Amino acid sequence: MMSGQRDLTIRPKKRILKYMSIVSRKLPRFADCGRVDAPDISLLPGVLEDISLHGCRVRFPLSVKIDIDNDYELKIRPSRKRNAGVFILLCHPQWIQEANGYTEIGFEVLRSPDTARLNAYIKMLDEEDSDTEDSEKILDGRVCLFV
């Protein structure tokens, strides 16, 4: 492989995610759920699996073919009630994994019209995650009795 080219071979799912998290990811991903409309990829909506400031993972309920060199517009509607709006993000596919009739795609988020709203949403997810960790530390190893 020549210098500057990306290795885009499809690897088993666990290896891809492990590779991406160790080598490429600089920011944490947050498990999240939501509807993803990407008409250039599939007529059926995809499901948001996780998201960060720089990327997201989307699962489509069927086998889809995409051009790894193209950018795609994703309309993401998170399921969190605090944010009922839709993020319109310009994304570039980083990896593709097909299994059991569905397709998962890892996207890098490029500069997009809703980047500022995405930043605010990720900050909210980070705060919620911190609150959960604090609660788990308080309750860790203790017995709670609700009367």
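Take Ser52 and tell me if it is under 19 Å from Glu108 (Cβ atoms), loosely packed, with under 12 Cβ neighbours inside 10 Å and at pLDDT below 95. Even if it seems obvious, please write down each step before you answer.
Numbers: under 19 Å from Glu108 (Cβ atoms): yes; loosely packed, with under 12 Cβ neighbours inside 10 Å: no; at pLDDT below 95: yes.
Judged against the criteria, Ser52 is not a match.
Among the residues of segment 70-90, those that are modelled with pLDDT under 95, exposed (fewer than 13 other Cβ atoms within 10 Å of the Cβ) and not hydrophobic (A, V, I, L, M, F, W, C) comprise Ser79, Lys81, Arg82, Gly85.
At least 3 residues being closer than 23 Å to Leu125 by Cα and among the charged types (D, E, K, R) is the threshold, and among the strands (runs of 3 or more DSSP E) wholly inside segment 38-111 those reaching it are 72-78. Restricting attention to segment 104-114 and to residues that are more than 13 Å from the chain's Cα centre (by Cα) and at pLDDT 90 or above, the residue that is surrounded by the most Cβ atoms within 10 Å (Cβ to Cβ) turns out to be Asp114.
Would you check if Gly101 is at pLDDT below 95 and on the phi > 0 side of the Ramachandran plot? Don't jump to the end; show me each part of the working.
Working: at pLDDT below 95: yes; on the phi > 0 side of the Ramachandran plot: yes.
Here the answer is yes, as Gly101 does meet what is asked.
Which ones in segment 55-69 are among the hydrophobic types (A, V, I, L, M, F, W, C) and open to solvent by 30 Å² or more (accessible area, probe 1.4 Å)? If the condition is that a residue be among the hydrophobic types (A, V, I, L, M, F, W, C) and open to solvent by 30 Å² or more (accessible area, probe 1.4 Å), then Leu62, Ile66, Ile68 are the ones that fit.
Just to be sure before I move on: is Asp32 open to solvent by 70 Å² or more (accessible area, probe 1.4 Å), under 21 Å from Asp114 (Cα atoms) and modelled with pLDDT of 50 or more in the structure I sent? Write out each step before concluding.
Details: open to solvent by 70 Å² or more (accessible area, probe 1.4 Å): no; under 21 Å from Asp114 (Cα atoms): yes; modelled with pLDDT of 50 or more: yes.
So Asp32 does not fit the description; no.
The one condition from (1) touching a His at 6+ places or on another chain (Cβ under 8 Å); (2) surrounded by fewer than 18 Cβ atoms within 10 Å (Cβ to Cβ); (3) modelled with pLDDT of 95 or more that Leu27 does not meet is (3).
The values are calculated or read from the model by the stated rules, or taken from the named source; none is laboratory data. Because the structure is a prediction, the values reported are computed rather than measured. Glycine gets a Cβ as well: all are built from the backbone with ideal geometry, and neighbour counts include every protein chain shown. For accessibility, only protein heavy atoms count, side chains too; no ligands or nucleic acids. Shrake-Rupley method; radii C 1.70, N 1.55, O 1.52, S 1.80 Å.
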